Amino acid sequence: MSINLTTPEAQIRENRLSSITGYKGSIKDLAAQANGCSLKSGERGFTQTTACSLGCAQGQLVLIKDAAVVGHSAIGCGSDTIQSNINNRRGQFSRELEYTNINYINTNMTEEATVFGGAAKLREGIREAYRRFNPKVIFVTTSCVSGIIGENVSGILDGLAEEIPVPLVPVHCEGFRSKLWASGFDAAFHAILTYIVKPAEKKNPNLINIINFSGIGRKEVVRLLGRLGLVPQFLVQFTTVDQLSKISEAAATLSFCGTLGSYLASGLEEHFGVPYIKSLQPHGVAGINSWLRELGKVLGREEEVEKLIAEETAAIVPELEELREKLKGKRVVIGMGPSFSQNYTRLLQELALEVVWAASWHFDQRHDYGEIPATILDLAKNEKDISACVSELQVHEINNLLRQLKPDLFVCRHPGMAIWSAKLGIPTIFINDEYQSFGYQGLINFGNRVADTLANPTFVQYLASKIKLPYTNWWLEQDAFTFLGEAPPKKKERITKAVV
Amino acid sequence: MAKAAKKIKVIEQVRYSCALAALHSVLAIDRAVPILHAGPGCGQRLSTALSTTNGYQGTGYAGGHAMPCTNSTEAEVIFGGEKKLKELITHSLEVMDADLYVVLTGCTADIVGDDSTEVARGFQKQGKPVVCAQTGGFSGNNFVGHELILGAIIDQYLQPSEEIEPGLVNVFSIVPYYDAFWTGNLEEIRKLLEAIGLKANIIFGPGGGVDALNKVPKAQFNLLLSPWIGLTNVKQLEEKFKTPYLHYPVLPIGPTETSKFLRAVGKYAGLPSEQVEASIAELEKPYDYYIERSADYLLQARVGLPSRFITISDSFYALGISKFLVNDLGLLPGTQFIIDNIPAKYQADLEEEFKDLSPTISAPVVFTNDSGTIREKLRETKFRGKPLILGSAWDQMIAKELNGYQLSVSFPAADRFILNSTYIGYNGALRLAEDIFSVLVSSNY
């Protein structure tokens with residue numbers, strides 16, 4: 001049992017999943033060390049700005065349709081709600097919903113709040129959120145300021161419980177608590193599991209939870225699962241609070257991303273009896289086959305699944321062969337969150353591309369159900385080992401790595417990463433949509449995107465010929481991992497420049 | 001008199017950001033790099049907000065995830081982060097290629113009480129071009145942050161000059177990146193000043209940079225083209241280098257205000273008025289040409305023309321755009337919402353400007369940073385015909401509700417892609433007219 005719903009907050013990933021943010025080695029070594037849970041995170045003497053939990057938590061919660069979010073922070077921490085509102089609009093467009101702005105209020109903590117506390121503003125924020133948005137639930141996200149000054153957020157919410165007749169839910173996601181921004185997903189899902197989800201009154205044997213991000217490409221899931229007589233429901237963006245309260249009724253949970261889905265899916269399994277399908281994620285053929293087969297096993301529908309797999313696979317054979325011929329041997333470097341990095345390492349090889357390096361922004365040695373992620377074990381079984389690093393968005397490392405490896409293509413995820421490879425003249429694909437390579441057709445679509453990207457590299461070549469990189473000549477000549485030291489041998493003793 | 005908005009202290013919809021977001025003012029200086037002593041999420045979030053979802057300007061030379069940052073977590077909060085900051089600055093000097101390094105603090109560093117300025121001073125003593133501004137997000141908004149950064153550079157980096165260069169004018173105006181049109185706008189100000197015979201020294205944007213910064217003490221005078229932001233900086237420069245300043249509060253948009261502005265600057269600089277008048281006559285010609293040509297449509301479009309225009313904007317644009325639309329295009333103002341949390345001591349002056357938009361026209365002003373307050377006020381207003389809402393991407397919704405037209409001119413301009421457009425001067429006024437009337441022609445009125 002690893003998900004504890006009796007505590008007010010989710011443990012951070014460093015402690016819960018032995019997650020790390022610094023490492024250089026290979027896929028097989030990573031898997032082997034994770035097996036003994038012996039991997040310690042490397043630290044760096046030079047770091048560039050990363051990301052924090054609050055963004056991941058808030059980004060999920062503000063897109064729940066009839067919820068409101070009150071951000072108890074300085075105004076800057078509310079800045080990424082602008083992006084959330086764009087995501088909101090895109091999601092509404094794809095679902096043919098009426099356009100609205102997100103329901104978000106920031107308490108605008110100032111100097112005064114750091115001295116006297118921000119309770120009055122938080123109360124006002126909650127009252128205004130209730131009055132203006134008429135929400136079914138109000139989530140209150142915490143921040144570095146509220147955390148450091150020791151604001152008793154839960155206490156303040158308790159004090160308003162009688163006045164405000166909807167659940168007031170604290171979401172503990174202070175940025176400084178964890179180096180893993182994915183801890184913010186867990187904070188949001190902990191809040192949902194503890195305050196929103198109710199035990200199922202009756203199970204729906206055909207209902208399948210799908211944990212995804214924006215769900216723009218979800219029609220293909222509807223089609224595939226529909227062929228098995230199953231009905232997917234997409235979590236958690238664009239659900240209603242009522243829907244969320246009943247996700248315990250589902251027959252199983254599937255996830256598009258092991259990093260994203262771990263906490264919610266495991267929590268649903270452990271506490272609400274909804275099995276989590278612990279497969280590869282559905283990117284590319286092996287991924288979707290694993291996803292469907294494991295689902296088939298749990299639902300006792302192996303035969304139908306095999307029939308489906310056979311038909312869908314056969315349908316793409318000619319196109320896939322053509323693409324493989326075209327892309328064969330092109331060298332690729334990957335930089336993504338761990339689950340996507342591992343899944344894309346596999347699927348790019350399905351397209352006959354050669355993955356020369358797999359960078360991931362962090363690495364979870366365990367998922368919440370207690371096992372090493374299936375994706376890395378699957379990769380480690382291959383004969384060929386692949387170089388890998390864990391690089392928490394450190395673009396100085398990625399820059400030197402790419403200069404050294406000179407790949408034909410860089411495939412990345414996380415906004416703000418594509419530019420740095422492009423500045424080196426390397427054709428770059430930025431994966432924003434989690435459905436980019438979903439299943440059989442997705443693999444073909446993505447393969448074509450790769451071919452198109454390689455077909456006309458003039459934009460990145462022009463860029464590279466004109467711009468100057470922001471690094472000194474000294475740095476450009478260093479090994480990419482110069483600043484990545486081993487984990488500190490003793491507490492508080494810091495290694496500045498050990499070369500790995 | 002401005003109607004006092006209901007005293008709401010919380011903010012619905014972000015229309016400005018925190019002091020640390022002014023890290024963009026460092027990024028706007030060529031050859032300067034920010035070093036953040038902040039939590040792990042600050043850099044990304046502020047970068048996304050100001051450089052992406054605001055005209056998709058992009059991160060430039062060393063923005064976004066390239067910015068060095070301590071990514072402070074528990075250890076720095078509990079034990080203090082000065083040691084880590086020192087280590088980061090040391091390595092940033094080795095790794096990042098720049099002529100000026102500006103250390104900026106976030107909430108964590110400032111609340112736990114790190115003496116970051118002292119850490120930076122240690123590097124200054126070794127002759128390194130490192131300055132520090134304490135911009136913890138709770139200490140104010142990005143306008144305050146912008147002033148703090150300029151203040152730190154003036155105080156800790158600029159050196160007095162023995163010579164003064166006649167005709168050299170330092171320009172301090174709109175806030176880089178926050179104003180998505182900043183590069184085009186500053187370039188337009190440069191062209192205007194050069195047209196009347198001055199040399200504009202502009203720190204931010206292409207053509208400026210650390211070189212421009214080094215020339216600041218040589219200027220004949222400082223021009224503050226801003227309702228209030230930057231006033232502390234020109235006062236500071238007056239004190240440190242004895243450079244006088246001209247404070248001109250109205251962002252000049254359109255012929256009436258731009259010509260007035262150039263006359264005022266010319267007079268202050270001691271330029272012969274014939275020279276200035278001759279330049280103005282030339283500058284007005286293209287504007288007059290296009291306005292004559294488009295007057296057919298501008299008149300016929302009155303069928304669907306906005307009954308009143310509303311700005312929901314910072315004090316720069318609210319005032320500049322209002323003056324243009326009233327004086328040059330003959331439109332009528334509704335309530336103007338000023339969202340930049342303008343300090344109380346400057347509010348009365350700004351209200352005076354709105355009282356005298358033209359000799360016969362004034363506009364009511366509401367100072368608020370909360371969209372809920374704005375929405376409620378607009379819902380109470382009875383509009384005849386369609387209002388024109390000049391605000392940000394947030395305002396698409398209220399414009400739809402009011403059956404109005406909407407154009408994003410202000411942060412966050414998440415529905416605009418902006419490169420070198422400007423809304424300043426004669427050219428900028430044409431551009432603004434293009435954008436407003438494009439909204440009209442693309443809708444079915």
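Results, tabulated for the structure shown:
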{"read-out": "Qualifying residue in the stretch A:161-173 (condition: within 14 Å of another protein chain (Cβ to nearest Cβ) and not hydrophobic (A, V, I, L, M, F, W, C))", "value": "yes"}
{"read-out": "Any helices (runs of 4 or more DSSP H) falling wholly within the stretch A:15-113 and containing at least 1 residues that are at the interface with chain B (Cβ under 7 Å from one of its Cβ atoms) and under 30 Å from A:ALA388 (Cβ atoms)", "value": "A:53-61, A:81-94"}
{"read-out": "Any hit, the stretch B:411-422, residues being more than 21 Å from the chain's Cα centre (by Cα) and surrounded by fewer than 19 Cβ atoms within 10 Å (Cβ to Cβ)", "value": "no"}
{"read-out": "Which listed residue, of A:PHE430, A:PHE438, A:PHE446, A:PHE410, is out of contact with any helix residue (DSSP H, G or I) (no Cβ under 7 Å at 6 or more places or on another chain) and among the aromatic types (Phe, Trp, Tyr)", "value": "A:PHE446"}
{"read-out": "Qualifying residue in the stretch A:476-489 (condition: free of Cβ contacts under 8 Å to residues at least 12 places away in the same chain, exposed (fewer than 15 other Cβ atoms within 10 Å of the Cβ) and in contact with a helix residue (DSSP H, G or I) (Cβ under 9 Å, 6 or more places away or on another chain))", "value": "yes"}
{"read-out": "Odd one out for A:SER248, checked against (1) among the polar types (S, T, N, Q); (2) in contact with a helix residue (DSSP H, G or I) (Cβ under 9 Å, 6 or more places away or on another chain); (3) closer than 26 Å to A:ASN432 by Cα", "value": "(3)"}
{"read-out": "Verdict on B:ASN233 being in contact with a Ser or Thr (Cβ under 9 Å, 6 or more places away or on another chain), polar (S, T, N, Q) and within 20 Å of B:LEU148 (Cα to Cα)", "value": "no"}
{"read-out": "Inter-residue pairs, beta-carbon under 6 Å, first of a type in the set (Asp, Glu) and in the stretch B:98-120, second in a helix (DSSP H, G or I), 6+ apart", "value": "B:ASP99/B:VAL210; B:ASP114/B:GLU82"}
{"read-out": "Members of the stretch B:43-62 found to be part of a helix (DSSP H, G or I) and either within 7 Å of chain A (Cβ to nearest Cβ) or without any contact (Cβ under 8 Å) to a residue 60 or more places away in the chain (or both), listed by number", "value": "B:GLY43, B:GLN44, B:ARG45, B:LEU46, B:SER47, B:THR48, B:ALA49, B:THR52"}
{"read-out": "Lone unmet requirement of (1) crowded, with 20+ Cβ neighbours inside 10 Å; (2) free of Cβ contacts under 8 Å to residues at least 60 places away in the same chain for B:TYR178", "value": "(2)"}
{"read-out": "Sole exception among (1) among the acidic types (Asp, Glu); (2) within 17 Å of A:THR100 (Cα to Cα); (3) surrounded by fewer than 22 Cβ atoms within 10 Å (Cβ to Cβ) for B:ASP395, by number", "value": "(3)"}
{"read-out": "Helices (runs of 4 or more DSSP H) contained in the stretch B:106-176 and holding at least 1 residues aromatic (Phe, Trp, Tyr) and within 12 Å of another protein chain (Cβ to nearest Cβ)", "value": "B:142-156"}
{"read-out": "Residue in the stretch B:70-84 that is part of a helix (DSSP H, G or I), without any contact (Cβ under 8 Å) to a residue 12 or more places away in the chain and of a type in the set (Gly, Ala, Ser) present", "value": "yes"}
{"read-out": "Pairs where the first residue, in the stretch A:269-280, is surrounded by 23 or more Cβ atoms within 10 Å (Cβ to Cβ) and the second is in a strand (DSSP E or B) and at pLDDT 95 or above, C-beta under 7 Å, 6+ apart", "value": "A:VAL274/A:ASN209; A:VAL274/A:ALA252; A:VAL274/A:THR253; A:TYR276/A:THR253; A:ILE277/A:ALA252; A:ILE277/A:THR253; A:ILE277/A:LEU254"}
{"read-out": "Tally, over the stretch A:393-415, of residues that are surrounded by 24 or more Cβ atoms within 10 Å (Cβ to Cβ), within 9 Å of chain B (Cβ to nearest Cβ) and not in a helix (DSSP H, G or I)", "value": "2"}
{"read-out": "Matching helices (runs of 4 or more DSSP H) fully within the stretch A:151-241 where at least 2 residues are modelled with pLDDT of 95 or more and over 21 Å from A:SER73 (Cα atoms)", "value": "A:183-195, A:219-226"}
{"read-out": "Residue list for the stretch B:215-236, restricted to those being aliphatic (A, V, I, L, M) and in contact with a helix residue (DSSP H, G or I) (Cβ under 6 Å, 6 or more places away or on another chain)", "value": "B:LEU224, B:ILE229"}
{"read-out": "Selection count, the stretch B:63-83, where residues are at the interface with another protein chain (Cβ under 8 Å from one of its Cβ atoms) and surrounded by 22 or more Cβ atoms within 10 Å (Cβ to Cβ)", "value": "11"}
{"read-out": "Selection status of B:PRO255, over 17 Å from the mean Cα position of the chain (by Cα) and surrounded by fewer than 16 Cβ atoms within 10 Å (Cβ to Cβ)", "value": "no"}
{"read-out": "Filtered residues of the stretch B:299-344 (kept if among the aliphatic types (A, V, I, L, M), within 19 Å of the chain's Cα centre (by Cα) and crowded, with 24+ Cβ neighbours inside 10 Å)", "value": "B:ILE312, B:ALA318, B:LEU319, B:ILE321, B:ILE338, B:ILE339"}
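Residues are listed down the side, and each one gets a yes or a no for (1) at negative phi; (2) touching a residue at least 40 places away in the same chain (Cβ under 8 Å):
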site: A:GLY370; (1), (2): no, yes
site: A:PRO373; (1), (2): yes, yes
site: A:LEU377; (1), (2): yes, yes
site: A:GLU383; (1), (2): yes, no
site: A:ALA388; (1), (2): yes, yes
site: A:LEU393; (1), (2): no, yes
site: A:ASN400; (1), (2): yes, yes
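The values are calculated or read from the model by the stated rules, or taken from the named source; none is laboratory data. Quick caveat: nothing in here was measured; it's all calculated off a predicted structure. No Cβ is skipped: glycine too gets one built from the backbone with ideal geometry, and neighbour counts run over all protein chains shown.
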